[in-house]
Amino acid sequence: MTVWLDRFDAERYVGRSQRTLREWSRQGLVRTGRRRDGRVVYDRSSLRVAKRTAAARYRNRAVVAGPGRGRVASDPVEDWTLF
């Protein structure tokens, strides 16, 4: 049986913003539907999978040490010249 969550419950369930939920929906990571009044609802099981996927991506990201804060390897490399 599919359990549908409204926007507010979905945000609380995954601990992410509405913007993130819309992005996951656009990417096809989260299954969505519409209520009769036009509001978006989210499938709870697909939210659980998307949350795990996002956590795994975060854990496996490549971090490169650098001056100040570390940066992700995909960030543009700057020329750090010391004088």
Under 5 Å from the placed amide H of residue 41, counting only residues 5+ away or on other chains, we find 33, 34, 35
Given backbone amide H placed at 1.01 Å from N, residues whose amide H is under 5 Å from that of residue 30, ignoring those fewer than 5 places away on the same chain, are 25
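Determine the gain in length on full extension of the stretch residue 37-residue 52; use 0.36 nm per residue of separation and subtract their C-alpha separation, reporting nm with one decimal. Before the final figure, lay out the partial values.
Values: separation 15, 0.36 × 15 = 5.40 nm, distance 3.04 nm.
So the extension gain works out to 2.4 nm.
Express the C-alpha Rg of the range 4-59 as a ratio against the empirical globular expectation 2.2 N^0.38 Å, rounded to two decimals. Display every interim value, and only then the final one.
Working: Rg = 10.7 Å, N = 56, 2.2 N^0.38 = 10.2 Å.
Normalised Rg, Cα atoms only: 1.05.
Values in this text are rule-based calculations from the coordinates and carry no lab data. Because the structure is a prediction, the values reported are computed rather than measured.
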